[in-house]
Amino acid sequence: MLWPTAAPFAAAITFDMDADSLIHANDPDGWKRPYAISMGQYGPTVGVPRILETYRRLGMKQTFFIPGWCARTYPHAVEAILKGGHEIGCHGWIHENPSARTPAEQAEDLDRALEALAAFSGTRPRGYRAPVYLLTNDTPGLLSDRGFAYDSSMMADDQPYALDLGGRTLIEIPTHWGIDDWPPFAHFAEIGYMMPVRGPTEGLAPFFEEFEAARADGGLWHAVWHPFLTGRRARWQVVERWLETVLTSGAWFATLGEIADHAECLRRAGTLRTLPFPTYAERQT
Ligand SMILES: [Zn+2]
């Protein structure tokens with residue numbers, strides 16, 4: 001894939017600032033779970049300031065996906081992210097599961113989140129990542145109706161591609177579970193997520209291998225991290241040391257918005273892969 005300024009490959013760290021939305025969205029008694037709430041609160045109150053300080057020191061601008069409820073609940077974190085010149089994307093209202101919502105409810109969640117996020121910057125987010133990647137057949141249309149430029153919830157390629165929505169397109173910046181920090185670092189029994197927690201170096205090694213793979217094929221490296229997981233002290237120290245070595249690799253470190261804009265230019269030039277939105281008209285048996 002060709003990148004701006006003849007960069008040999010591209011890279012982006014995205015943080016999903018879920019805070020304690022997960023416990024509220026998944027457990028009706030979540031508001032009575034102080035330990036789980038405190039685990040999530042670590043993200044906006046400790047993880048985000050730590051991450052932003054590293055980005056400031058290294059001169060990086062990156063992307064944070066934030067549920068609207070989290071922005072309303074932790075305004076100082078959002079203000080600090082914007083003050084640092086970073087991009088904010090939409091990550092649902094309260095980390096609700098879109099596939100458990102009707103299209104009308106999904107639209108309501110999106111509008112509520114957009115209103116809360118736009119209140120900080122005056123502009124609506126241009127990017128979306130579905131909570132737990134659980135977008136539905138209705139989600140891309142709802143995003144397109146609201147002027148979103150890109151989604152980052154799908155997994156059909158290593159590189160950005162265009163999603164054909166039947167007359168409309170949406171840029172997709174794909175992800176996969178191997179670039180998400182939940183498997184190595186999350187243990188959240190209250191919402192049924194029980195994985196062995198890896199040590200910082202062991203847990204982060206696969207991300208760095210993915211980076212080398214992107215370097216080798218001139219593609220995009222992209223991480224889906226969470227301030228309450230990779231923003232933890234020992235893990236972030238490993239990331240910081242790694243960043244100090246790879247920022248001179250020639251990679252184009254950019255926000256997902258910048259990458260989506262570049263992908264849109266390629267699409268208009270006819271050089272971006274376009275895929276139909278993956279859906280079936282009926283149940284397959
Ligand atoms: Zn999330």
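In whole Hz, what ³J(HN,Hα) sequence does the range 132-142 give by Karplus (6.51, -1.76, 1.60; θ = phi - 60°), x for Gly and Pro?
My calculation for the range 132-142 gives 6, 6, 8, 6, 10, 4, 8, 4, x, x, 5 Hz in order.
If you take the beta carbon distance between His176 and Thr274 as r and set R0 to 22 Å, what does 1/(1 + (r/R0)^6) give as a FRET efficiency, to the nearest 0.05? Don't jump to the answer; show the numbers that get you there.
On the way: r = 20 Å, r/R0 = 0.90.
Once rounded, the FRET efficiency stands at 0.65.
Per residue, what volume in Å³ does the convex hull of the Cα atoms of the range 91-132 enclose?
Once divided by residue count, the hull of the range 91-132 is 62 Å³.
In terms of modelled amide H atoms, which long-range or inter-chain residues lie less than 5 Å from the amide H of His222?
Ala12
Counting other beta carbons within 10 Å of each Cβ, put Tyr280, Tyr150, Tyr161 in order, fewest first.
Result, fewest neighbours first: Tyr280, Tyr161, Tyr150.
Efficiency by 1/(1 + (r/R0)^6): what FRET value for Leu247 and Ala100, r their Cβ-Cβ distance, R0 = 45 Å, to the nearest 0.05?
For Leu247 and Ala100, the calculated efficiency is 0.65.
Could you derive backbone 3J(HN,Hα) for the range 96-107 from the dihedral phi with the Karplus parameters 6.51, -1.76 and 1.60 (θ = phi - 60°), listing whole Hz in sequence and x where the residue is Gly or Pro?
5, 7, x, 6, 9, 10, 6, x, 5, 5, 4, 4
If you put +1 on each Lys and Arg Cβ and -1 on each Asp and Glu Cβ, how big is the dipole of the range 4-276 around its Cα centre, in Debye rounded to 20?
The calculation lands at about 700 debye.
Using the count of nearby Cβ atoms within 10 Å as a rough guide to exposure, how do Met155, Met1 rank from fewest to most?
Numbers: Met155 13, Met1 18.
Least to most surrounded, the residues fall as Met155, Met1.
Could you calculate the FRET efficiency of Ala216 with Phe120 from 1/(1 + (r/R0)^6), where r is the beta carbon distance between them and R0 is 30 Å, rounded to 0.05?
Values: r = 39 Å, r/R0 = 1.29.
Efficiency for this residue pair is about 0.20.
Counting only C-alpha contacts under 8 Å and six or more residues apart, can you give the relative contact order of the chain as a whole percent?
27
Once you order the gyration tensor axes a ≥ b ≥ c over the Cα atoms, which shape class does the chain get: rounded for a/c under 1.5, otherwise prolate or oblate by comparing a/b with b/c?
It comes out rounded by the Cα gyration axes.
State the antiparallel share, in %, of DSSP beta bridges confined to the chain, rounding to the nearest 5.
Given both bridge residues lie in the chain, the antiparallel proportion sits at roughly 20 percent.
At Asp27 and Glu190, where each label point lies 7 Å from the Cα along Cα→Cβ, what is the point-to-point distance in nanometres?
Placing both labels 7 Å along Cα→Cβ, they lie 0.4 nm apart.
Around Ala205, with a cut-off of 15 angstrom between Cβ atoms, what is the net charge of the other residues, counting Lys and Arg +1 and Asp and Glu -1?
Its environment carries a net charge of -3.
Since every read-out is calculated from the coordinates, none of them should be taken as a lab result. Remember, it's a predicted structure, so these values are computed and weren't measured experimentally. Every residue, glycine as well, gets a Cβ built from its backbone with ideal geometry; the counts of neighbours run over all protein chains shown.
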